[in-house]
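What follows is a short report on a single structure.
Only the coordinates and a few stated rules stand behind these numbers; no lab work does. No experiment lies behind these values; they were computed from the predicted model shown. Note that each Cβ is placed from the backbone with ideal geometry, even for glycine, and that neighbours are counted across all protein chains shown.
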Amino acid sequence: MKPIEFSKIQLFDGAMGTRLLKLGFPFRPMMEELNVTHPEIIRSIHKEYVDAGADFITTATFGVNGYKYQESIYTVKEIVGAAIDNARTHAKDVYIVLDIGPIGELMEPYGDMSEEQCYAYFKEIIEAGKSSVDAILFETFMDIEEIKIGIRAAKENTSLPVFATMTFNQNGKTMMGVSVEDMVKSFEELKVDALGVNCSWGPKELIPIVEALCSMSKTPILVQPNAGMPFTHKDGSLHYLVDAKEFVDVAQRYIDFGVKIIGGCCGTDSETISQCFKRFKQ
């Protein structure tokens, strides 16, 4: 693959977890085992995003780490390897990105996880996937110290581009009290290749956060909102209120601010990315 550059708008893919939910796979612990047990389902979702025009496909590894998968019959290496194979099956001229989420345990002094343990968990994932991906994404973090350890593990053990995003409340801070300014300062000191926000609320609610990001940082900005906040239907199904057209209309605001990379998080799908492609890439 050619080197990643952001002189023009680039598209990430959309949700994996909520897409699986719609296909009849309810949320459960160690859901990423589906990479091994049902690879055809994971591959079909990746293909939807490739066909929609995504430039970046993220591996279905968000929750994979040695802490969460202590009880799994599969190793982290086995799941990450299967996930990368699944992402590459229908990939044409797209970048494959190793997706890494929070470990799932609070760091000391709020929890029991030490910095050394945290680093080791991140390093295990990175070592398992670094030879077969084009970049690494840390996403949906709330603790700046945890994600900084992850970024450091990636920088110290690979030469791959590193992207990093956190999730914010409507008050402009994460649940751990990290401000947009705190995040930008920390990430730029670590020389990430792109930074931004994902998940959080709906596209409209993120407008002030995205505007602030673009005013503070010269690093390429990545934004992947949810399709609004979900509600549960009487039959137990989960629904998101923001359709693809509304998503794209708000994403245009982001681009006007200076955002270079757009994707989707919970509740988005291939139609979301397809509409982004038609608006921003054609």
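Here are a few things to note about the model shown:
- Qualifying residue in region 73-83 (condition: out of contact with any strand residue (DSSP E or B) (no Cβ under 8 Å at 6 or more places or on another chain), within 17 Å of residue 271 (Cα to Cα) and assigned to a helix (DSSP H, G or I)): no
- The combined condition, being over 30 Å from residue 152 (Cβ atoms), in contact with a strand residue (DSSP E or B) (Cβ under 8 Å, 6 or more places away or on another chain) and of a type outside the set (Phe, Trp, Tyr), is fulfilled by residue 232.
- Residue check for residue 92: more than 20 Å from residue 50 (Cα to Cα) and surrounded by fewer than 24 Cβ atoms within 10 Å (Cβ to Cβ): no
- From the options 72, 114, residue that is surrounded by fewer than 17 Cβ atoms within 10 Å (Cβ to Cβ), among the small types (Gly, Ala, Ser) and at negative phi: 114
- Residues of region 7-62 satisfying the condition of being among the polar types (S, T, N, Q) and over 21 Å from residue 77 (Cα atoms): 7, 10, 18, 44
- Residue satisfying all of: in region 28-53; among the β-branched types (Val, Ile, Thr) and closer than 21 Å to residue 268 by Cβ; surrounded by the most Cβ atoms within 10 Å (Cβ to Cβ) among these: 42
- Qualifying residue in region 48-62 (condition: free of Cβ contacts under 8 Å to residues at least 60 places away in the same chain, closer than 20 Å to residue 125 by Cβ, of a type outside the set (Phe, Trp, Tyr) and part of a helix (DSSP H, G or I)): no
- Every residue from region 251-280 that is in contact with a Leu (Cβ under 7 Å, 6 or more places away or on another chain) and part of a loop (DSSP other than H, G, I, E, B): 263
- In the set (1) within 27 Å of residue 46 (Cβ to Cβ); (2) buried (at least 18 other Cβ atoms within 10 Å of the Cβ), residue 149 fails one condition alone, (1).
- Unmet criterion (only one of (1) crowded, with 24+ Cβ neighbours inside 10 Å; (2) touching a residue at least 60 places away in the same chain (Cβ under 8 Å); (3) part of a helix (DSSP H, G or I)) for residue 18: (1)
- Against the test of being over 30 Å from residue 116 (Cβ atoms) and surrounded by fewer than 17 Cβ atoms within 10 Å (Cβ to Cβ), the options 56, 25 yield a single qualifying residue, 25.
- Close pairs (9 angstrom Cβ cut-off, 6 or more residues apart or separate chains): closer than 22 Å to residue 147 by Cα in region 86-107, part of a loop (DSSP other than H, G, I, E, B) and of a type in the set (Lys, Arg) anywhere: 103/68; 104/68; 105/68
- Residue 124, sole failed condition from (1) within 18 Å of residue 162 (Cα to Cα); (2) touching a strand residue (DSSP E or B) at 6+ places or on another chain (Cβ under 7 Å); (3) in a helix (DSSP H, G or I): (2)
A quick yes/no check of all residues on (1) buried (at least 19 other Cβ atoms within 10 Å of the Cβ); (2) within 16 Å of the chain's Cα centre (by Cα); (3) farther than 22 Å from residue 153 by Cβ:
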position: 192; (1), (2), (3): yes, yes, no
position: 200; (1), (2), (3): yes, yes, yes
position: 209; (1), (2), (3): yes, no, yes
position: 215; (1), (2), (3): no, no, yes
position: 218; (1), (2), (3): no, no, yes
position: 223; (1), (2), (3): yes, yes, yes
position: 227; (1), (2), (3): yes, yes, yes
